[in-house]
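Encoded as structure tokens, the structure appears first; notes follow it.
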């Protein structure tokens, strides 16, 4: 049994996509980040970076005590290695998956996240910031679109944690001021993943978690953190 500490965000969706695809039993623990639940001591003991998602594996492969993990990319890699699925075993296939997983963690996610912030949540419109992150999001879409242009169905050939990491960050493409029709290979990949039964179920779970959006109080909690937050 996996305990999943979750909120309905792109990074949260990555782990539900994996668990639904793998058929691993899990218990969902919603962490309402707009109310500051990510700062509770019991959550920080699992996720010291006060971010979702985080998991506790109650049956780790070494047979020892429950094992906790934070950071969505690390969680995906751990789970793939645990069950021997969604990441190739051969050197070149594994390298391909890990490259694109890290591409998402270091590029697509942070840049799209800043896109969301400056276009949706910033208290004042900063044209330079909006243009910079909308353009960088477009560039990253273009990188993935070009990679998929050789006819492959998924990022590394077979469906993998690289796809699970990237897909949730493409779902809000309209909020990112992007048009999927500008990226036909990416759009076809996106449609293939959207149609997977596990994807449908994972996003139905997200709908069941009450996410009222980000009001002014939530903005203070989410966007006002500094070093004092972790003391």
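Since every read-out is calculated from the coordinates, none of them should be taken as a lab result. Since we're looking at a predicted model, the values are computed, not measured. We place every Cβ from the backbone using ideal geometry, glycine too, and count neighbours over all the protein chains shown.
When the residues of the stretch 123-167 are filtered to those that are under 18 Å from residue 11 (Cα atoms) and free of Cβ contacts under 8 Å to residues at least 40 places away in the same chain, which remaining residue is surrounded by the fewest Cβ atoms within 10 Å (Cβ to Cβ)?
Among those residues, the one meeting the criterion is 140.
Which of the helices (runs of 4 or more DSSP H) contained wholly in the stretch 1-109 include at least 3 residues that are without any contact (Cβ under 8 Å) to a residue 24 or more places away in the chain?
The qualifying helices (runs of 4 or more DSSP H) are 41-44, 72-83, 91-103.
Answer yes or no: is there a residue in the stretch 104-126 that is touching a strand residue (DSSP E or B) at 6+ places or on another chain (Cβ under 7 Å) and farther than 20 Å from residue 172 by Cβ.
The answer is no, given that none of the residues of the stretch 104-126 is touching a strand residue (DSSP E or B) at 6+ places or on another chain (Cβ under 7 Å) and farther than 20 Å from residue 172 by Cβ.
Considering only residues of the stretch 14-50 that are surrounded by fewer than 17 Cβ atoms within 10 Å (Cβ to Cβ) and closer than 20 Å to residue 226 by Cβ, which is nearest to the chain's Cα centre (by Cα)?
Restricting to residues being surrounded by fewer than 17 Cβ atoms within 10 Å (Cβ to Cβ) and closer than 20 Å to residue 226 by Cβ, the top hit is 49.
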